[in-house]
Amino acid sequence: MLQRKTILSAFAALLMVFCVPAGVAELPDAFSRPWCAYQTAHFELLTDLPQRQALAKAEALGRFRTLFMALFPDARTHTGVPVRMLIFRRAQHFAEVTGTADFAGITVPSLRAYQLLIGPAQTSPLTDTGRHEYAHYLMRNQTELHYPLWYEEGLASYLSAADLKRNPVPLGYLDPRVRWGKARPSDVSFEEVVEAKSVADWPPQRLTAFYEKAWLMVHFIRLGHYLDYPDLRPALARYLAQPEMDFAFAFALTPSGIGELIKDYLRRPRLRNEFVQLPNSEEEAEQAPAQRCLDEAEGRLELARSIVHQNPRLAAKALERHPGGEVDAEWLTVQSEALSAVDYERAMAVIEQALELDPSHAGAMAQFAHLKVQRCPLSSHPDCMRNWAEAATLYRQVRERDPHRYDVAYGLGVAYLHTGRAEQALDHLRLAHAQMPWAAEANFYLGEAYRIIGDERAAGHLRKAHSWATDPDWRARAAVALTRLPGASFERR
């Protein structure tokens, strides 16, 4: 199964404490593998796959993006925050590095990059893990829509099962296990599927049932009308555009009602496909990815950077020693990010060392600002207010040096919000959100700023924060903020 785990950036420390595995043994073999980076126009692929396989992966993911654009021509498929895909050749290495053996892929969006950690295992003979996770990025960039969890996961599975070797591309393949699967002891109802806000902590059988039913719902809504069932596509468009709309009102069907139709639908001897014409290869041809293979130190740094919030203890251990013996400010900054989740005092000492080496290093300055306020979650203590003010000064200095540090724009907005300057916060939070519309925390704070000034746009952002945050503390905070809106209701059915 796939896990969509919204891992917060270093700013997450403002509001929460990470859970860290107890103890890490020697570094996994993955850290000594030959890693290469493949840069395309739309994403960076970091992998230890052989070159031919890596290039094939990059080409397939690029073609998948083209498919998405053909289906959703008004979609925005790129922002100023880079997309990084870390694809492991071996399942054991993926499990050891990410700290989980329960999932085939993990989405780890931070405020510096939207990262996909992908293992070689497949959750279905048809679907592709990398495409499934990439689909989430493409969908969440659509700021005008609010995809509920069931639709987002169902559409990601539906799209990732496309046969990209053909043109027109056929869509609508179903895993036989999904179509003919028997009810499981831990089955879930269609009501539970529709109402689910997060399934990160669901047991495996219920998780499997959720994904399968979400896939079936999307399949039926997109293709059922070909077999004389009601055409639910217009209802879906209204439902996605109006997040407060009740499911039964939008579709004129309860979740159990659509479930009954799907049971009948699956009895049909042959289901239909839809076909999407992609541009001719000459029209769509892109430059081959720029390839760069990493030395041992670069590989270790990039691998650690990719898991700094997913598995911080392992990331910190990987950066304890530099293979060449000479650390620089960038190495120490990433090490401090990892340590901030496990040892605050060491994290602060390391970032001070980084600033001694390079006082103008933008990343080190930003990390120093993050640490300044890490121990001041929602606090109005005078010391914390002073720390927030100092952090704001640092963020402004970093923005002057690097205006493309949108995570710093976010940090500056949060600092202003915590010091009672919501109007000033808005400009920075809007800028950050425009570049990372998929980030739950960016939506949360932008929604909070709008709520404080009485702007009705607060509700949409807070609903997204509530739906997309996998951590229960973030969902609880978004829920509380939503209850403070006049007449607001966020329970979508």
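The values are calculated or read from the model by the stated rules, or taken from the named source; none is laboratory data. Just so we're clear, the structure is a prediction, and the values are computed from it rather than from any experiment. Positions of Cβ are backbone-derived with ideal geometry, glycine not excepted, and every protein chain shown enters the neighbour counts. To get the accessible areas, we keep the full protein, side chains included, count just its heavy atoms, and leave off ligands, DNA and RNA. Shrake-Rupley method; radii C 1.70, N 1.55, O 1.52, S 1.80 Å.
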Query raised in the report: Do the conditions hold for Ala341, that is, is it in contact with an Asp or Glu (Cβ under 8 Å, 6 or more places away or on another chain), small (Gly, Ala, Ser) and either surrounded by 13 or more Cβ atoms within 10 Å (Cβ to Cβ) or over 30 Å from Arg63 (Cα atoms) (or both)?
Result: no
Query - Members of the range 299-355 found to be part of a loop (DSSP other than H, G, I, E, B), in contact with a Phe, Trp or Tyr (Cβ under 7 Å, 6 or more places away or on another chain) and either under 19 Å from Gln374 (Cβ atoms) or hydrophobic (A, V, I, L, M, F, W, C) (or both), listed by number - result: Leu319, Ala341
Report summary line: Of Ala347, Ala329, the only residue that is crowded, with 23+ Cβ neighbours inside 10 Å and aliphatic (A, V, I, L, M) is Ala347
Query raised in the report: Ser360: under 25 Å from Arg477 (Cα atoms), out of contact with any strand residue (DSSP E or B) (no Cβ under 9 Å at 6 or more places or on another chain), assigned to a loop (DSSP other than H, G, I, E, B) and open to solvent by 50 Å² or more (accessible area, probe 1.4 Å), yes or no?
Result: no
Report summary line: Pairing a residue in the range 159-180 that is among the β-branched types (Val, Ile, Thr) with any residue that is part of a loop (DSSP other than H, G, I, E, B), where Cβ atoms lie under 7 Å and the two sit 6 or more apart in sequence or on different chains, gives Val169/Ala162; Val169/Asp163; Val169/Leu278
Query raised in the report: Of all residues in the range 418-464 being closer than 25 Å to Cys384 by Cα and under 14 Å from the mean Cα position of the chain (by Cα), which is surrounded by the most Cβ atoms within 10 Å (Cβ to Cβ)?
Result: Ala442
Query raised in the report: Can you tell me which residue in the range 368-399 is most open to solvent (accessible area, probe 1.4 Å), limited to those that are in contact (Cβ under 8 Å) with a residue 12 or more places away in the chain and assigned to a loop (DSSP other than H, G, I, E, B)?
Result: Arg375
Query raised in the report: On the given criteria, is Arg475 open to solvent by 60 Å² or more (accessible area, probe 1.4 Å), within 28 Å of Lys197 (Cβ to Cβ) and touching a helix residue (DSSP H, G or I) at 6+ places or on another chain (Cβ under 6 Å)?
Result: no
Report task. Please specify each residue of the range 50-74 satisfying the condition of being aliphatic (A, V, I, L, M) and either open to solvent by 20 Å² or more (accessible area, probe 1.4 Å) or at positive phi (or both). Result -> Leu55, Ala56, Ala60, Met69, Ala70, Leu71
Requested in this report: Enumerate the pairs (first residue in the range 112-134 and farther than 18 Å from Phe43 by Cα and hydrophobic (A, V, I, L, M, F, W, C); second residue anywhere and open to solvent by 10 Å² or more (accessible area, probe 1.4 Å) and at pLDDT 90 or above) with beta-carbon separation below 6 Å, excluding pairs fewer than 6 apart on the same chain, so at least 6 apart or on different chains.
Outcome: Ala121/Ala91; Leu126/Tyr173
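Each row is one residue, and each column tells you yes or no for (1) in contact with a Gly (Cβ under 9 Å, 6 or more places away or on another chain); (2) over 18 Å from Leu111 (Cα atoms).
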| residue | (1), (2) |
| --- | --- |
| Asp427 | yes, no |
| Ala440 | no, no |
| Ala458 | yes, yes |
| Leu482 | yes, yes |
Query raised in the report: Taking the range 434-460 on its own, how many of its residues are in a helix (DSSP H, G or I) and without any contact (Cβ under 8 Å) to a residue 40 or more places away in the chain?
Result: 12
